[in-house]
Amino acid sequence: MTKSAYYLSALTALAATFVLLVNWQVHAETNRVQFPNLDELVHYTTVRRGNVTEHIMTTPAAIEAVRNGRPIPAGTQFVLVDYRDDMKLYRYFVMEKGEGWGADYGESRRTADWQFQWFWPDKSINMDENTARCQSCHSSQKSSDFLFTGYRIPRFNGTPVD
Ligand code: HEC
């Protein structure tokens, strides 16, 4: 092989690898978020929009922390259970906070130590979703620890806040 042919094939291989990597980043999206143990979570608010009903829940420890103005502890999960048309379970959205988990992402994508995941009713991950989209939208709530409905927690007294 001539020198230039060698460089050309090396370059082609590099380009192919790059395309593969970019594709992989857009699709496969497993991360540290685990499917929650729903029995341990407290349903504190419901959001209704058209045919969609969302039950939003978190741990008793997180509810306690928010009420007392303390930071939400590592190990916390927030779950949005999404029901459609006559309360048929459609999907689960999960946010989970873990010590140092933010380091898994570059600074522009990072949502402190929260990671996000989308699970189907059979608990499998939606591999077509890039959870960077979740992070991007929830970044607007940075001043409320990336939560949209956390402000409802202080009003929760045992009955989910509407
Ligand atoms: C375009 C903006 C947007 C995107 C994208 C988005 N969310 Fe949210 N999320 C919201 C809003 C707004 C709420 C409050 C509930 C509502 O209004 O439906 C919410 C609520 C939640 C909650 C309940 C805790 C909270 O913040 O109140 C979880 C958990 C959640 N989202 C996870 C996810 C996951 C996982 C993804 C990606 C698969 C995602 N979100 C993508 C806007 C977004």
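Which pairs turn up if I take residues in the range 141-157 that are within 10 Å of residue 45 (Cβ to Cβ) and look for partners that are part of a loop (DSSP other than H, G, I, E, B) and more than 9 Å from the ligand (Cβ to nearest atom) with beta carbon separation below 6 Å, at least 6 apart in sequence or on another chain? Taking only residues 6 or more apart or on different chains, not a single pair turns up.
Listed conditions (1) without any contact (Cβ under 8 Å) to a residue 60 or more places away in the chain; (2) under 19 Å from residue 33 (Cα atoms); (3) more than 8 Å from the ligand (Cβ to nearest atom); (4) surrounded by fewer than 14 Cβ atoms within 10 Å (Cβ to Cβ) are all met by residue 110, apart from (4). For residue 72, the conditions (1) near the ligand (Cβ under 10 Å from one of its atoms); (2) of a type in the set (Val, Ile, Thr); (3) farther than 23 Å from residue 49 by Cβ all hold with the exception of (1).
Read-outs throughout are calculated quantities, based only on the coordinates presented, and are distinct from any laboratory measurement. Values in this document were obtained by computation on a predicted structure and should not be read as measured data. Backbone-built Cβ (ideal geometry, glycine too); neighbour counts: all protein chains shown.
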